[in-house]
Amino acid sequence: MDETVAEYIRRTVLKIPRHEIKAMLQTWGFLSEAQLQTVNFHQTKDSVSQQVVQLCEDNSADIKQAALLDIIYNHIYPNKRIWSVYQMNKSGEETDFFDLRDFKKKFKRRLQTALKNVTINFKEYEDNAIWIRIAWGTPYKNPNQYKTSYVVYHSQTPYVFISASVIRSTLPLLCQALVVASNYHDIREMELRSHCLNSLKDIVFKRYSQTFQTYYPRPLQERNVTSENVDLRIIQENKNEKERILRVNREVFGDGPQPKLEFAQYKLETTFKSNPSLDVSDIKEPFRCLVKFSSPHLLESLKSLAPAGLADAPLSPLLTCIPQKARNYFKIRERKGIFPGSFVSP
């Protein structure tokens with residue numbers, strides 16, 4: 001067995017939590033049950049990894065088996081990586097019968113034609129998800145097995161989830177291979193990223209509790225009159241107000257759990273508004289700023305703000321539209337030709 005393969009298997013075993021090593025090796029299926037019985041899984045992880053490597057040596061493991069173990073690990077722990085969502089497009093209403101064997105053949109041929117030193121491995125799962133692992137090399141260097149790209153593609157859908165530890169020049173090659181292999185015409189990034197792969201799937205496949213915002217804030221003047229005439233201490237204890245907040249919150253977020261996202265990013269671009277008497281007419285460049293909201297579970301955090309009394313209900317559509325628009329990266333620009341102070345997020 002090649003030394004690099006042995007070291008890669010050792011490091012992969014070390015990443016697995018101790019209580020799950022045996023089960024994951026059984027899922028891998030490369031070592032027999034009799035061989036696994038010889039491993040003392042109660043010793044240190046380093047000792048366990050050495051024993052596993054020795055058994056793999058006896059079975060003459062190669063990079064294909066090592067890559068399969070890595071795919072299994074990443075499938076069980078997808079949140080260790082950050083995933084970006086891409087959408088592929090076809091012209092018209094074309095429908096094609098999906099042939100997995102043909103998909104693999106086209107994908108490998110496209111990448112291996114463009115880049116000689118690359119290893120590609122596939123594994124299919126029951127939910128029609130095809131997991132693809134790519135280790136990239138250069139014309140003069142072997143593939144780096146420690147900096148891999150992962151692609152999760154659900155057949156018969158236009159969505160692809162990519163986690164890429166690659167230089168920028170290889171991402172176009174990867175996208176081209178996906179388009180060719182799946183018989184689509186083009187691919188674009190959706191500006192939707194997260195560590196939680198399952199939540200990204202819930203969003204693009206519409207598997208969460210969808211809501212449509214039917215509540216709109218009262219005019220500013222009306223809200224100001226209300227706040228002036230009612231004591232804040234009474235509002236806090238007012239049952240009707242609490243019921244209104246819960247109702248509005250339910251209209252915006254629904255009753256079910258929210259998809260898990262860790263952040264949302266907003267880039268604002270606006271022009272300088274000055275007093276005509278001030279001599280600042282030479283300022284042509286727009287002002288830009290970046291606002292980023294982050295949380296272990298951002299959408300659930302936003303959902304809890306109004307009931308907790310930390311924000312007015314409903315929240316801004318810029319925050320609540322994340323699942324519906326299937327994106328958590330926004331660019332907010334000034335809308336020209338409408339009226340001052342209006343903004344649009346493309």
Subject >> Leu246, Leu290, Leu115 arranged by Cβ crowding within 10 Å, fewest neighbours leading >> reply: Leu290, Leu246, Leu115
Subject >> Cleavage-rule hits (GluC sites (Glu not before Pro)) in segment 1-98: DSSP loop, at most 13 neighbouring Cβ within 10 angstrom >> reply: Glu93, Glu94
Original post:
At q = 0.09, 0.12 Å⁻¹, what is the log10 ratio I(q)/I(0) for segment 80-204, with the Debye formula run over Cα points and no solvent?
Top reply: -0.23, -0.42
**OP:** Using the structure shown, list the pairs from Lys22/Lys147; Lys80/Lys303; Lys15/Lys80; Lys108/Lys147; Lys64/Lys141; Lys104/Lys260 with a Cα-Cα distance above 20 Å, or answer none.
**Re:** Lys22/Lys147; Lys80/Lys303; Lys104/Lys260
Original post:
Once you list every other residue whose beta carbon is under 11 Å from the beta carbon of Ile134, what net charge do they have if Lys and Arg are +1 and Asp and Glu are -1?
Top reply: +3
Subject >> Charge sum, other residues only, whose C-beta stays under 12 Å from Arg207's C-beta, Lys/Arg counted +1 and Asp/Glu -1 >> reply: 0
Subject >> Distance in nm between pseudo-label sites at Gln112 and Ser304 (7 Å out along the Cβ direction from Cα) >> reply: 5.1
**OP:** Compute the signed sum of charges (Lys and Arg +1, Asp and Glu -1) over the other residues within less than 12 Å, Cβ to Cβ, of Glu124.
**Re:** +1
Original post:
Stokes-Einstein D for segment 3-76 at 20 °C, 1.002 mPa s, Kirkwood Rh over Cα pairs, in µm²/s?
Top reply: 179
**OP:** Just rank Phe122, Phe97, Phe287, fewest to most, by other beta-carbon atoms within 10 angstrom.
**Re:** Phe97, Phe287, Phe122
Original post:
Tell me, what is the FRET efficiency for Glu57 and Lys331 to the nearest 0.05, using R0 = 51 angstrom and their Cβ-Cβ distance as r?
Top reply: 0.45
**OP:** Return Tyr329, Tyr153, Tyr77 ranked ascending by Cβ neighbour count within 10 Å, so the fewest neighbours appear first.
**Re:** Tyr77, Tyr329, Tyr153
Original post:
Between Glu7 and Gln50, what is the label-to-label distance in nm when each label sits 7 Å out along the Cα-to-Cβ direction?
Top reply: 1.8
Original post:
How big, in percent, is the set of alpha carbon pairs in segment 23-133 lying more than 25 Å apart?
Top reply: 40
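Each reported figure results from applying straightforward, stated rules to the coordinates on display, with no laboratory input. None of the values given here were measured: they were computed from a predicted structure. Neighbour counts are summed over all protein chains in view; Cβ atoms, including those assigned to glycine, are modelled from backbone coordinates with ideal geometry.
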